1. Anything in region A:407-437 that is open to solvent by 20 Å² or more (accessible area, probe 1.4 Å) and more than 45 Å from the chain's Cα centre (by Cα)? List them, or say none.
2. Under 9 Å by Cβ, and 6 or more places apart or on different chains, what pairs join a residue from region A:573-599 that is within 16 Å of RNA strand B (Cβ to nearest atom) with one that is in a loop (DSSP other than H, G, I, E, B) and acidic (Asp, Glu)?
3. Given the residues A:Leu763, A:Leu785, A:Leu845, A:Leu770, which is the only one that is without any contact (Cβ under 8 Å) to a residue 12 or more places away in the chain and among the aliphatic types (A, V, I, L, M)?
4. Consider only pairs whose beta carbons are under 6 Å apart and that are at least six residues apart or on different chains; among these, list those whose first residue lies in region A:446-457 and is under 22 Å from A:Asn416 (Cα atoms) and whose second residue is surrounded by fewer than 18 Cβ atoms within 10 Å (Cβ to Cβ).
5. For a quick check of your reading: which helices (runs of 4 or more DSSP H) sit entirely within region A:755-865 and have at least 3 residues that are farther than 30 Å from A:Val655 by Cα and open to solvent by less than 80 Å² (accessible area, probe 1.4 Å)?
6. Give me the pairs, please: first residue somewhere in region A:16-39 and modelled with pLDDT of 95 or more, second residue anywhere and open to solvent by 100 Å² or more (accessible area, probe 1.4 Å), beta-carbon distance under 9 Å, and either six or more positions apart or on two chains.
7. For region A:251-293, how many residues meet the condition of being on the phi > 0 side of the Ramachandran plot and more than 11 Å from RNA strand B (Cβ to nearest atom)?
8. Tell me yes or no: at least one residue of region A:218-227 is out of contact with any Phe, Trp or Tyr (no Cβ under 7 Å at 6 or more places or on another chain) and part of a strand (DSSP E or B).
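The values are calculated or read from the model by the stated rules, or taken from the named source; none is laboratory data. Everything quoted here is computed from the prediction, not taken from an experiment. Counting neighbours? That spans all protein chains shown, and the Cβs are built from the backbone with ideal geometry, glycine included. Surface accessibility is based on the protein's heavy atoms, side chains included, excluding ligands, DNA and RNA. Shrake-Rupley method; radii C 1.70, N 1.55, O 1.52, S 1.80 Å.
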Amino acid sequence: MFVSLLSCVDMCHFSCRHCMSYPFAEIEPKWQQWWEEQGLYRSSERPGIPKFYVLDMFPYPSAAGLHIGHPEGYTATDIVARYKRMRGYNVLHPMGFDAFGLPTERYSMQTGIHPRIATEQNVANFRRQLKMLGFSYDWSREIITTDPRYYKWTQWMFTLLYNSWYDPEHQKARPISELPLPAGLTDPLELQAYQDRYRLAYLATMPVNWCPELGTVLANEEVDEWREKGYTVEQRSMQQWMLRITAYAERLLQDLELLQWPESTLEMQRNWIGKSLGATILFPVHGHPGLSIEVFTTRPDTLFGATFIVLAPEHPLVEQLTTPEQRPVVESYRQEVAQRLERERLEQERPKTGAFTGSFALHPATGEKLPIWIADYVLLHYGTGAIMAVPAHDERDHAFARALGLPIRQVVTPVNGDSWDITEAAFTADGIACNSTAEGISLDGLPTPQAKERILQWLEATGHGRRSVSYKLRDWLFSRQRYWGEPIPILYYEDGTRRALQLDELPVVLPERVAFLPTGRPESPLAAIREWVFIQDPKTGKPARRETNTMPQWAGSCWYYLRFLDPHNDAWFCDPEKERYWMQPNGVDLYIGGAEHAVLHLLYARFWHKVLYDYGYVSTPEPFYRLFHQGLILGEDGRKMSKSLGNVINPDDIVARYGADALRLFEMFLGPLEATKPWSTKGIEGIARFLNRLWRLIVEEDGSLSPSITDDPLTEEQEFLLHSTVKKVSEDIEALRFNTAIAQMMVFVSEVQHMERRPRALLEPFLLCLAPFAPHIAEELWHRLGHTDSIHTQRFPDYDPQKATPRQIEVVFQVNGKVRAKAQIPFGLSEEELRRMALEHPNVLRFISGRSIRQTIVIPNRLVNVVVD
RNA sequence: GCCCGGAUGGCGGAACCGGUAGACGCACGGGACUUAAAAUCCCGUGGGGUGUAAACCCCGUGCGGGUUCGACUCCCGCUCCGGGCACCA
């Protein structure tokens, strides 16, 4: 009985939903097919017509299919693309797939399905889902980064980097052949080693994160993710390809000025680049004539407070500086540190440890002997890998001095003259210099900024140091020991020389037959395919070995926005004329994607773009001028959607139940685009109601056109409703405030619902406003109203500012800032008239009686505030 | 620890340049239609109070101050939440 009752309710629910909902399941695929047949969203260069390039961050096609978060950003760009088209712009709105990467390779290891096949399947599913949502992509421009016709150019760009050096004088990349060489450098291996120090892509041996189970190195940002899944990650020293992104640090920082990006993202990039101004100072080593330790500091004004020197444990001078007596201590400390690196480095306030080398440096101003220590709180890769320790004015140095009993000398006092207990804590703020006098130099009494300037001049004049700049940014580790990535196009010869392949030799195609299972050896599965690795080089006739490492996942996304401009060109990555047409003057005009790419993809792509710019291959210094991040959509429970929590919403289910238009509208209505906000199943039902109400304005229950539709001219009220709606919707689209645009459209529908006669002149412009948001229902109703051409090729309606202002408006009368009365007045009523009305209003009189009026403030069309004693 | 965001009804949110706080949606309550339900439509809904009623009053945008005729909005000092970086000299 219970069961039958349930099924009855279910059936009723089911059948009612079908008879009451507009037929989205029919009309959505119908129009999608029609649009495709008509080629409605194809774009081509049309000189003289203003262009608009609106781009999504293309997805990684996982086996799980589209996540509910994908349609959020994609709908936003689609609304803008459709709106701009209707405004007469030549819009480029492409889509593709970023398909190389570890997740697919892992999937293949588990299922035995070849990554190429798995990618094809996943892409097909993603493409189906994207088409189901009715996005206006120009699918003829689709690209997939794993296509050899695409990655040919990714490989070519690598060779461009390899064949370039950064000329600091001209501040740009130049061909390596133009690198000035030292006289007498003729040996090929020596020449190669010399050039390697300048190439933008170079080999370096360094400690990396190696995961034995995965059989690959991992990027630093990937380590935590895999450790959480139970994999081990260890440090290994391996030879790796690096990209010299640090050469571009200053330009990457400076050009952020050109961009309209979220402040948080700009800030993250600035922090990531991490520019510090300061000085490098030379400390001669006692007993080693001619040998100096170079330190970097941002506080040269505290030079007189330096009481010891600390080198990074891996610093190249440690060997030479360690005295025989101290060797055992130093050696054991270095080993301890090397092992510690393998453990988590996360322990926040690790106690300071170190070892004394036995040597001393000489203070450049006082000649005092300063002990030279090594400690792991000094990092090899930042600054010069060595510091002058000023425990009085640096917290870390203070902690170290306290832990090891080293002297602390105060050389800066608080500006306000307060005393400061320097043994208790470091004083790190700016202040007034003291105890800072030696022969020929004194800083005493100078405020910190002036003290810095004085000491810098002294350092430069005496040759003890110079102004310098340091960046946190490090070079980009670019190789992976993976199969599913772009092969790095390098050949090695038996004599130790190597060369990058030339354009006519690209692409280096990924061999199809491969064993994916990790070998346990620190090399790519490609290394096992001997017939692919070992070849006779056709250009030189010499036996050669291919590079078996592949590129990281980020490579393909570094330039895809350029390939969309000319996706089928086999002769060049992008025709220069097409590049100029679509990229001038502001590159990608709108780029929307997740904030998780704030520093990785968005920094890497900017770097590659600048290299291409230096060669004149692209015409703008930056790729993406306006960037926006869509916020995360949480599960209905307010937690992040995840399979294990069971709160994942699948777009396929939503579209089946409510239609694509409802999903699109709802994701935009949820809240501000950039906000994190929870999904709500009840909420989408509200959107479905709105669309049904709209449908019933025009279509009768039997499917015929509503008899309420007339050819009447608009009344004044109707004109106001229409023009204020057009104004609100167009302004909100430009500002990406889709939630409030939809709210206004809801107001419109509610009002029209109550009209017995519904003029076409009211409904049709409204459908044009709705078309970018809900393209299917707008197209269907447009056709039902008798049109035969597409609504999406119409002009977006203009509004008349006069008609968008109401005739009557409510104003408030305040007494001392409190609302005491309201009144309906004609819009634009004069200040005098308003003031008179306020002062005559009984409720106002009641509050001002017996008091004297000090002031009356009149804000036309808004309020009158009467200020009384 | 440092850097960036944010905090508004029962919930998601709105309020553009300092000018009616709570648009729009959800949820909830009442009503109409219906044998009944669903769907649909109408009315109400920040909290408290006075009044038969029409109305009217007080409080209210995380907390404490300030500027202003007037503050969700600006300034100073906190609390909590989210994100990023993290021994960067």
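1. A:Pro407, A:Gly417, A:Asp418, A:Ser419, A:Cys434, A:Asn435, A:Thr437
2. As it stands, the answer is A:Ala595/A:Glu674, since those pairs meet every condition given.
3. A:Leu845
4. A:Thr448/A:Asp430
5. Per the criteria, A:831-840, A:842-848.
6. none
7. 2
8. Taking region A:218-227 as the starting set, the residues that turn out to be out of contact with any Phe, Trp or Tyr (no Cβ under 7 Å at 6 or more places or on another chain) are A:219-227.
Keeping just the survivors that are part of a strand (DSSP E or B) gives none.
There is no residue in region A:218-227 that is out of contact with any Phe, Trp or Tyr (no Cβ under 7 Å at 6 or more places or on another chain) and part of a strand (DSSP E or B).
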